[in-house]
1. Determine the shape class of segment 110-213: with a ≥ b ≥ c the square roots of the Cα gyration tensor eigenvalues, call it rounded for a/c under 1.5, and otherwise prolate if a/b is greater than b/c, oblate otherwise.
2. For labels at residue 182 and residue 109 in the simple 7 Å Cα→Cβ model, what's the distance in nm?
3. Contour minus end-to-end for residue 345 and residue 317, with contour as 0.36 nm per residue of separation and end-to-end as the Cα-Cα distance?
4. Set the Förster distance to 45 Å, then compute FRET efficiency between residue 254 and residue 287 from the Cβ-Cβ distance, nearest 0.05.
5. Rounded, prolate or oblate: which one fits segment 158-259, using the alpha carbon gyration tensor with axes a ≥ b ≥ c (rounded when a/c is under 1.5, else prolate when a/b beats b/c, else oblate)?
6. On C-alpha positions alone, give me the angle between the axis of helix 566-593 and the longest principal axis of the chain, in degrees, nearest 10.
7. ³J(HN,Hα) across segment 207-217 via Karplus (A = 6.51, B = -1.76, C = 1.60, θ = phi - 60°), whole Hz, x for Gly/Pro?
8. Amide H neighbours of residue 67 under 5 Å, at least 5 residues apart or on other chains, H built in the peptide plane: list them.
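Each reported figure results from applying straightforward, stated rules to the coordinates on display, with no laboratory input. This structure is a prediction, so every number in the text was calculated from the model and none was measured. Please note: Cβ atoms are built from the backbone with ideal geometry, for glycine as well, and neighbour counts cover all protein chains shown.
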Amino acid sequence: MPAAKPIFDPRWKRFAGPAFVLLSALVATAPFILQGPSCGSDLYFHLASWIEAQRSMLLAVPYPHWTPNSNFGAGEPRFVFYPPLSWMAGAFLGLFMPWRFVAVAFTFLLLAATGLANRALAREMLSDGPATLAGCAAIFSGFALLTVYTRSDFAEITAGFWIPLLILFLLRDRNPSGPLRERAFDGSAAPLALVLAGAWLSNAPVGLMASYLLAALAVVAALTAKSSAPVLRATVAALLAFGLAAGFLLPAAWEQRWTNLQFAISIPHLQVRNSWLFARHTDATLAAVAHDQKLLVVSWIAVAMIAVALAGALVAHMRGALLVSMRGSLPGARRWTLPLLLIPCAVLFLMLPVSMPVWNVLPKLRYLQFSWRWLEVMTAPTSIFFAAAVWFVPLRRRIAVLSACALLFIAISAAAGHYWFIDCEDNQDRIVAAEHDGTGVYGKQEYAPAGGIYAPPLSIQPDACLVGDPSASPGPANPGTGPYWDGAKARCKAFVAINFLPESRIVVGTADHPGYLILRLRSYPAWRVEVNGRPVTPAIERDFGLMAVPVPQGHIEINIDWTTTPDVIAGRCISFVSVLALTTLCLIERKLRRPRLS
């Protein structure tokens, strides 16, 4: 007699874990759904970037470099230096919903991806139940929500899923007893390269942290496994990752000499030495931005995350939870637990003043600006060790423990919404309106032309001003007054600026004397300028960093177009070759994983 068919299809269980993670992301996003997004310090920057990117793409510029409305119409090369994945994703979401909802949807997707990625990593050490709990805990781990609410740095939140995926593909060993090449290229090297490239193309600090984490964990894994396979895999993946991201990284590295990027680490509150745990300062510039109050909150979150990770690891080890959960099918638990256990120790060290020599020696590490940015890599060990510690209790008490976890997560979400939420009022709508009507918004000082600190251009700056000396300012300190400003405005009426595309501009008019036409356009070497069909080299106006174009007397027509510089061509070529190399690696890994015939 055939066995009775079960009432419920057991295949639904494979979707239960991801469903709980998505539900957790929805709970974490609930305050945004009810009140709108929290206006953290970077929300307006990202919102303006999304709008600018979408407009450029719709105007046949698929990969924009310039943001025309920054600096009140003078623009800046933001997309040359800011990694593309986050602003492209925001521009894409803006096609399907009003801009005031994009931040909410983006937050949900990023938190959901964080939970799913940490769940995938946890499944290498834990069974499905505790792995799902780890994925849910990752969403409420503390620092991710703080970043969402108080900073709205959508690009940096991507560390929540890139970092656990990097750990997963680096430490995974599908053939522990096989030869070196089969262990190193077991199907993990290619996705590892994609993950590291994705981290760099999402956020530069995330890419920097991911690169150093990859190197450190590869050495630890090699020593633990007594094999050079992790180092070989990490090396090949890193070379491919930098090649894949070269289309962005090479121009950003080469062209930084054309801008004032050092400004990003020159302000006191953006320097590592002012971000140690529980530090107190007497600097008035730090007090003006409430630096120490913010640092105190981050410090307590750091202590909580590190304490939960270390205590959870200790409890799990005492119970043998990590070993029991593997059911004997995943040998080498130490391969996973030791690297994860070392992460909180390393992060704690990097957040203390004793680590300053490390920050000074390692290349570009100080561009992280804040030592506490390393908390981005703490999400995985904190959530996994927490789940391992609380899950493996007697079955009769597990429901109570899980219920307590659910209440804890809801309480964390409610507390974050109450204490960290920043009301946007109508500022978000003002940014959208300023972007659409051409009024423009403030830019970033680090993207200003190299050579000095230029003041932000004025919102009432004319499109073009004819002057005799390019060092002359188009306006005094108090614009709108004085004989120069009035005369300049009168002469500027004869010139018409026509914007066809975000990276193309035409100015026409009649000059009553030879001189320099100061355009409402920030100077940058990638612009090609022609006056009446002849190429010219513009000067830089002294106060605002605007373009000063030499013009003759009489009728003039100025064509300004963005050019593809040699560094951009080289970066694209390297990326193309790297795509071919990645494809080859995928084929090699597929061949090595193919079972051999006996």
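1. It comes out oblate by the Cα gyration axes.
2. So the label points at residue 182 and residue 109 sit 4.1 nm apart.
3. Details: separation 28, 0.36 × 28 = 10.08 nm, distance 1.69 nm.
Additional length available on full extension: 8.4 nm.
4. Working: r = 38 Å, r/R0 = 0.85.
That pair, residue 254 with residue 287, gives E of 0.75.
5. Working: a/c = 2.41, a/b = 2.16, b/c = 1.12.
Verdict is prolate for segment 158-259.
6. Value to nearest ten degrees: 20.
7. x, 5, 5, 5, 5, 5, 5, 4, 5, 5, 5
8. Close amide H contacts, sequence-distant or interchain: 76, 78, 79.
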